[in-house]
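Working notes, beginning with the structure itself.
Just so you know, all these numbers are worked out from the coordinates, no wet-lab data involved. Remember, it's a predicted structure, so these values are computed and weren't measured experimentally. Every residue, glycine as well, gets a Cβ built from its backbone with ideal geometry; the counts of neighbours run over all protein chains shown.
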Amino acid sequence: MPTSMDTMIAKSTGAVKSMEARLHGLVGVFKTLAEQHGEVSALMKRVKHHADKRADLWPVIRLELVSHEKGELREVYSVLRDLPETRALADHHEAEASELSALIDE
């Protein structure tokens, strides 16, 4: 279970990423994805610098990664797959998502 400090750092980093995304014109799902990237990145940095936190933070990181990836596939890549000019990008991402899923399960 993450400590309140871990949660505060993750949420703060996510909020900063969300604001940065908005400043770059990203809204909606893209702003949300940027925020989620910030949150999970902060948690992963906490684990990198505090190895003793791995057992507590990994379940949260895993849940966030899986949930985030499912959201991307559903909201972003399904639309990209419908367009001939971006279909290859969506297919490539889906292949990478399968690899990511396998690595997370390890």
With Cα coordinates, the longest principal axis of the chain makes an angle with the long axis of helix 29-49, in degrees rounded to 10, of 40 degrees
Relative contact order in percent for the chain (Cα pairs under 8 Å, 6+ apart) equals 23 percent
Looking only at aspartates and glutamates whose Cα falls under 17 Å of residue 45's and that sit 8 or more positions away or on another chain, we get 6, 35, 56, 64
Quick shape summary for the chain, equivalent ellipsoid via Cα gyration tensor, semi-axes whole Å in descending order, reads 27, 19, 9
If one compares the long axis through the Cα atoms of helix 54-72 with the longest principal axis of the Cα atoms of the chain, the angle in degrees, nearest 10, works out at 20 degrees
Simple spin-label estimate for residue 95/residue 44, 7 Å along Cα→Cβ, in nm, reads 2.1 nm
So the angle from the long Cα axis of helix 87-105 to the longest Cα principal axis of the chain, reported in degrees to the nearest 10, equals 30 degrees
